[in-house]
Amino acid sequence: MIMKKQYYFLLTLLVCVLAGLSACSNDNEVEYTPKEKLILQNYDLLFTCNASEGSVTIANESSVTATSEQSWCTVTTSGNKVIVNVTANNSFEGRSCKITIHGNGKEAQVIAQQAGLIFSVNKGGAFVTNAAAKEHLLPIDYTGNSPLRVDPASVDWATFSVVDGVLHADLALNVGEEPRETEAVLWAGDVKLTVPIRQQGLSFVVNGGKNIVGNDEAAGRNYKIETSEGIEYSVAPSTVDWARFSIVNGELHIDFDENNTGKMRHTEAVITYAGSLTYKINVQQFDFEKDVLGTYTLSWGSKTTKLSFERNEEGKAQWRFLEGNYASMGVVIPVTLDEEDFSLMIPNLLDLTATYTKNDVVYKLTVFVMSQKGSSVYRHNNNKLAAIGKLTIDDDGGCNWQFSLNDQLDSSTYKFYGIRLAYGNGGYGGYVGAYVTFNGMKLTRD
């Protein structure tokens, strides 16, 4: 019985609450109407970087007001038209401004957008050119409407001017090998633009910098000339009757006559480039096997001996001594030959097949490359050290080899002294004594 009374009580209470809520809703109801917006037409608020004017018209309204949130963007109204004026944007960044328009209790917001200034040369990077004297025309990318000007150059090898929106950079010839730099300073009103100007150093190389060597055959040959684009050059007439010089398709052309003199012969090609600069290159004609290999006189101090500069059965170059004890001991010195550079190399600590017998003891012979520092003479425990011989030709066509040290020693401190034939057990540690030292050696073809 108690349970039924509780149930009816709760049900009655719920009905009263619902009835009460229904009655209260009529007293507290708030009517909401969304704010109407203005209808825009003839919208023109996209601006270039220049000071300019745009507008926006409001439909179905006879009068409006407007405000701007940025000082560079000002607004005025005329009836239902909002007139927007922007000042020149001299920044390279774009910008925007919010404009609020009111009319007859309605509201609208619009955005005025203005592009940044474009002012550049060479896409904003440094202008790099070669060493040639030339006037370079560099278009200026500029979207403003201020007059353009350029400061005078700060160096004597460049002249700048602006003509019809183009930067004229007149550069003189850079006769040095090192590059050089300056800058062109441009102005558009109060806006400054700096353009780095870099001019490469002058390079002029014939045949890769190597001597020109033709064999004994009569032939015409071309040799590559490497230099900056725009560099003009010419070659002087030959001073010998067996070689004639000309420039053909940008290369040095040489017509050789047959060399049947039995000797090496040489002359010099003189090329004038970039106005008054000269490049001289040795021109030689010989057959290596016939005119370079053969019998030589090796001299040192007041002594001389004969040797054969030849190839062994494997085709490798060697010196084989022809007279005296050197010949009887079978002294042969292998040499490394560079036939393109016409140089040879004799390594330090080179063990030979020849032997030397002293007091019934048989010793190995080893080649030491000797150096001189001041008045002292040194031998070295360095198998990368070597004597380098360079082929030279005298005025009579004689073939000579001049010797120096390779780069394993400081050339400002150590000078080439000579080649030593030492005897011992081989190598630096096996050294016993010197059999002979060819100090101040010279090698001349007979």
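The values are calculated or read from the model by the stated rules, or taken from the named source; none is laboratory data. Here the structure is a predicted model, which is why all the values come from computation and not from measurement. As a convention, Cβ positions derive from the backbone with ideal geometry for all residues, glycine included, and neighbour counts pool all protein chains shown. These accessible areas exclude ligands, DNA and RNA; they are computed on the full protein's heavy atoms, side chains included. Shrake-Rupley method; radii C 1.70, N 1.55, O 1.52, S 1.80 Å.
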Descending semi-axes in whole angstrom, ellipsoid equivalent of region 357-429, from the Cα gyration tensor: 27, 18, 11
Around Asn50, which amide H atoms from residues at least 5 apart in sequence, or from another chain, sit under 5 Å from its own amide H, with H modelled in the peptide plane? Asn89
Taking Cα atoms, the helix 2-28 axis meets the longest principal axis of the chain at an angle in degrees (rounded to 10) of 90
P(r) for region 297-427: what percent of alpha-carbon pairs falls in each 5 Å bin, starting at zero? 2, 9, 17, 22, 22, 16, 8, 3, 1, 0
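Could you tell me which GluC sites (Glu not before Pro) in region 264-331 are loop residues by DSSP with no more than 10 other beta carbons within 10 angstrom of their beta carbon?
Values: sites: Glu268, Glu289, Glu310, Glu313, Glu314, Glu323; in loops: Glu313, Glu314, Glu323.
Sites meeting the loop and neighbour criteria: Glu313, Glu314.
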Report, to one decimal in Å, the Kirkwood hydrodynamic radius for the chain based on all distinct Cα pairs. 32.0
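Over the chain, what percent of the accessible surface lies on carbon and sulfur atoms, probe 1.4 Å?
Result for the chain: 47 percent of the exposed heavy-atom area is carbon or sulfur.
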Label model pair Ala236, Gln41: point-to-point distance (7 angstrom along the Cα→beta-carbon line) in nm is 8.8
For region 90-243, build the charge dipole from Cβ charges (+1 Lys, Arg; -1 Asp, Glu) around the Cα centre, then report which of Gly209, Ala158, Ser234 sits farthest towards its positive end. Ala158
Just to confirm, what accessible area per residue do you get for region 247-301 at 1.4 Å probe, in whole Å²? 44
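With a 1.4 Å probe and all protein chains kept in place, how do Trp187, Trp319 rank by accessible area, largest first?
The most accessible residue leads, giving Trp187, Trp319.
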Going Cα to Cα from Lys106, which aspartates and glutamates come in below 14 Å? Please leave out same-chain ones fewer than 8 positions away. Glu36, Glu61
Per residue, how much accessible area does region 61-134 show when a 1.4 Å probe rolls over the protein heavy atoms, in square angstrom? 51
Can you tell which of Asp151, Asp410, Asp141 shows the greatest fluctuation in a Gaussian network model of the chain with Cα springs below 10 Å? Asp410
Can you compute 3J(HN,Hα) from phi for each residue in region 367-380, using the Karplus curve 6.51 cos²θ - 1.76 cosθ + 1.60 with θ = phi - 60°, rounded to whole Hz and x for Gly and Pro? 8, 10, 8, 9, 10, 10, 10, x, 9, 9, 10, 10, 10, 10
Mind listing the phi-derived Karplus ³J(HN,Hα) values for region 135-146, rounded to whole Hz, using 6.51, -1.76 and 1.60 with θ = phi - 60°, and x for any glycine or proline? 8, 9, 9, 10, x, 9, 7, 9, 9, x, 10, 7
For the Ser328, Gln402 Cβ pair and Förster radius 41 Å, calculated FRET efficiency rounded to 0.05 is 0.90
To make sure I understand the rule: partners must be lysines, Cα under 25 Å from the Cα of Lys123, and not fewer than 8 residues away in the same chain. Which ones qualify? Lys134, Lys192
Calculate one ³J(HN,Hα) per residue across region 229-238 by plugging θ = phi - 60° into the Karplus curve 6.51 cos²θ - 1.76 cosθ + 1.60, and present them in order as whole Hz with x for glycine and proline. 4, x, 7, 9, 8, 8, 10, 6, x, 5
Report, by chain and number, residues whose modeled amide H sits under 5 Å from the one on Gly440, excluding near sequence neighbours (fewer than 5 apart, same chain). Gly418
Could you state the accessible area per residue of region 169-223 in Å², with a 1.4 Å probe and every protein chain left in place? 48
With +1 on the Cβ of every Lys and Arg and -1 on the Cβ of every Asp and Glu, the dipole magnitude of region 161-211 about its Cα centre, in debye rounded to the nearest 20, is 220
